[in-house]
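> Have a look at this one.
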Protein chains: 2
Amino acid sequence: MDGTDTAHPGGARPAPARRDAEASKAEIVRATRYLLARHAQSDITLKAIADRAGVSPPLILKYFGNKDALLAHTMDFESDVDALLDAPLQDLGRHMVRSVLTSQAGNGTDPILRIAFAPLHGAQGEILRANFRAQVTERLATRLTGPDAGLRAELAVAALLGLGVVYGLARGPHVRAVDLEDVVTRYGPAVQGQLDTP
Amino acid sequence: MDGTDTAHPGGARPAPARRDAEASKAEIVRATRYLLARHAQSDITLKAIADRAGVSPPLILKYFGNKDALLAHTMDFESDVDALLDAPLQDLGRHMVRSVLTSQAGNGTDPILRIAFAPLHGAQGEILRANFRAQVTERLATRLTGPDAGLRAELAVAALLGLGVVYGLARGPHVRAVDLEDVVTRYGPAVQGQLDTP
């Protein structure tokens with residue numbers, strides 16, 4: 001994952017040549033994801049995003065047009081999931097657990113936890129859920145062999161999401177205190193059990 | 001779980017004799033939990049709670065004093081967890097998975113998913129997290145034998161929380177379509193694996 005995707009909002013406008021602009025865009029997207037993982041969308045202000053990203057609100061408007069367009073852009077799971085799924089199937093459970101933990105420990109959120117904040121009603125929630133299905137669970141399902149691949153993918157992803165909730169939202173003291181690889185060893189099989197051909 | 005706990009806010013005032021009052025209180029708590037499982041606290045208005053519960057906002061104030069007191073009351077996991085943990089240890093994984101699914105299918109949420117909506121900052125988030133640890137994960141840990149009971153309890157609860165996220169928030173089409181006992185059979189071992197003495 002090289003971050004390129006997150007720096008080009010929908011490919012709608014040509015990327016500025018200056019590296020500063022790319023860095024600012026990436027910061028804005030990162031800040032938006034951080035806030036989306038912690039607050040209802042309606043609570044997130046342009047100013048809050050700007051403050052967290054260390055830029056001005058007008059710069060956000062310049063790059064992304066408006067708040068809704070920025071939010072829609074951050075609702076895409078595609079590039080995050082590239083890295084999440086980047087392992088051979090027989091080690092994918094452990095790899096995904098490690099990815100979630102590394103991301104939680106480093107960034108305070110993980111590649112898929114945003115789905116927990118999808119608004120139940122309204123178009124934006126539907127977009128986020130549709131993206132999640134197409135880009136996360138159904139994409140994982142295409143990797144699996146054997147019957148009920150769609151269900152097994154959902155259950156594997158469920159285990160990952162729960163780990164993110166306990167680590168990042170409930171802030172479980174035990175899971176945060178122990179060595180990351182200890183959790184990978186203990187929890188990886190719970191995920192892998194859904195991935196292996198029954 | 002007889003619902004008594006949820007009908008007496010903090011025991012602060014004597015319970016009205018009339019059954020209607022108890023029913024209204026229970027409806028108010030149920031509506032508040034429903035909304036808390038779907039929205040940031042700051043987004044939840046007294047009117048929204050009243051509308052959902054089918055009562056008037058003044059009635060809520062009469063029973064619970066103010067919105068914050070009502071929210072604090074609903075932040076208690078104790079009574080919900082009684083039923084969640086009500087099974088012998090060797091079948092607890094399947095029982096808890098079944099509890100989450102039954103509750104999701106029937107109520108649109110489950111006994112523990114509210115923790116996913118804990119605000120990261122501020123006193124109310126801290127209360128919810130502290131309650132969650134004491135009343136859910138640490139309470140489960142006291143049931144376990146062998147080393148690292150606290151960590152294993154957090155990981156078992158993680159798997160349950162993730163199932164609630166996929167079912168209730170991501171609305172996974174596969175997990176919602178299949179027979180509940182099929183999911184219990186597939187996912188129960190992922191939870192039980194953390195509970196069994198290593």
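The values are calculated or read from the model by the stated rules, or taken from the named source; none is laboratory data. Predicted, not measured: the structure shown is a model, and the values here were computed from it. Quick reminder, even Gly has a Cβ in these numbers, built from the backbone with ideal geometry, and neighbours come from all protein chains shown.
> How about the stretch B:89-119: which of its residues are of a type in the set (A, V, I, L, M, F, W, C) and in contact (Cβ under 8 Å) with a residue 40 or more places away in the chain?
Once the filter is applied, which keeps residues that are of a type in the set (A, V, I, L, M, F, W, C) and in contact (Cβ under 8 Å) with a residue 40 or more places away in the chain, the stretch B:89-119 yields B:89, B:92, B:96, B:97, B:100, B:101, B:105, B:112, B:113, B:115, B:116, B:117.
> Which members of the stretch B:123-148 meet the condition of being among the small types (Gly, Ala, Ser), without any contact (Cβ under 8 Å) to a residue 12 or more places away in the chain and crowded, with 19+ Cβ neighbours inside 10 Å?
B:125
> What's the total number of residues in the stretch B:137-163 that are under 18 Å from residue A:157 (Cβ atoms) and facing chain A (nearest Cβ under 8 Å)?
Of the residues in the stretch B:137-163, 8 are under 18 Å from residue A:157 (Cβ atoms) and facing chain A (nearest Cβ under 8 Å).
> So which helices (runs of 4 or more DSSP H) stay within the stretch A:52-148 end to end and still have 2 or more residues that are at pLDDT below 95?
Answer list for the stretch A:52-148: A:57-64, A:67-74, A:78-84, A:92-107, A:123-132.
> Only one of (1) assigned to a helix (DSSP H, G or I); (2) surrounded by fewer than 23 Cβ atoms within 10 Å (Cβ to Cβ) fails for residue A:162. Which number is that?
(2)
> Out of the stretch B:55-104, which residues are closer than 17 Å to residue B:156 by Cβ, among the aliphatic types (A, V, I, L, M) and within 11 Å of the chain's Cα centre (by Cα)?
If the condition is that a residue be closer than 17 Å to residue B:156 by Cβ, among the aliphatic types (A, V, I, L, M) and within 11 Å of the chain's Cα centre (by Cα), then B:81, B:83, B:84, B:100 are the ones that fit.
> Okay, moving on. Could you check, for the stretch A:168-188, whether at least one of its residues is in contact (Cβ under 8 Å) with a residue 40 or more places away in the chain, part of a helix (DSSP H, G or I), within 30 Å of residue A:68 (Cα to Cα) and more than 8 Å from chain B (Cβ to nearest Cβ)?
Within the stretch A:168-188, one or more residues are in contact (Cβ under 8 Å) with a residue 40 or more places away in the chain, part of a helix (DSSP H, G or I), within 30 Å of residue A:68 (Cα to Cα) and more than 8 Å from chain B (Cβ to nearest Cβ).
> Here's another thing I want to ask about it. Would you confirm, using the coordinates I've provided, whether residue A:154 is among the acidic types (Asp, Glu) and farther than 17 Å from residue B:151 by Cβ?
Yes; evaluated as a whole, the condition is true for this residue.
> Also, quick follow-up: If you check A:130, A:105, which single one turns out to be in the same structural domain as residue A:184 (by TED's automatic domain parsing) and within 19 Å of residue B:162 (Cβ to Cβ)?
Of the residues listed, the single one that is in the same structural domain as residue A:184 (by TED's automatic domain parsing) and within 19 Å of residue B:162 (Cβ to Cβ) is A:105.
> Residue B:38 fails exactly one of the following numbered conditions: (1) modelled with pLDDT under 90; (2) outside any helix (DSSP H, G or I); (3) away from chain A (no Cβ under 14 Å). What is the number of that condition?
Every condition holds for residue B:38 apart from (3).
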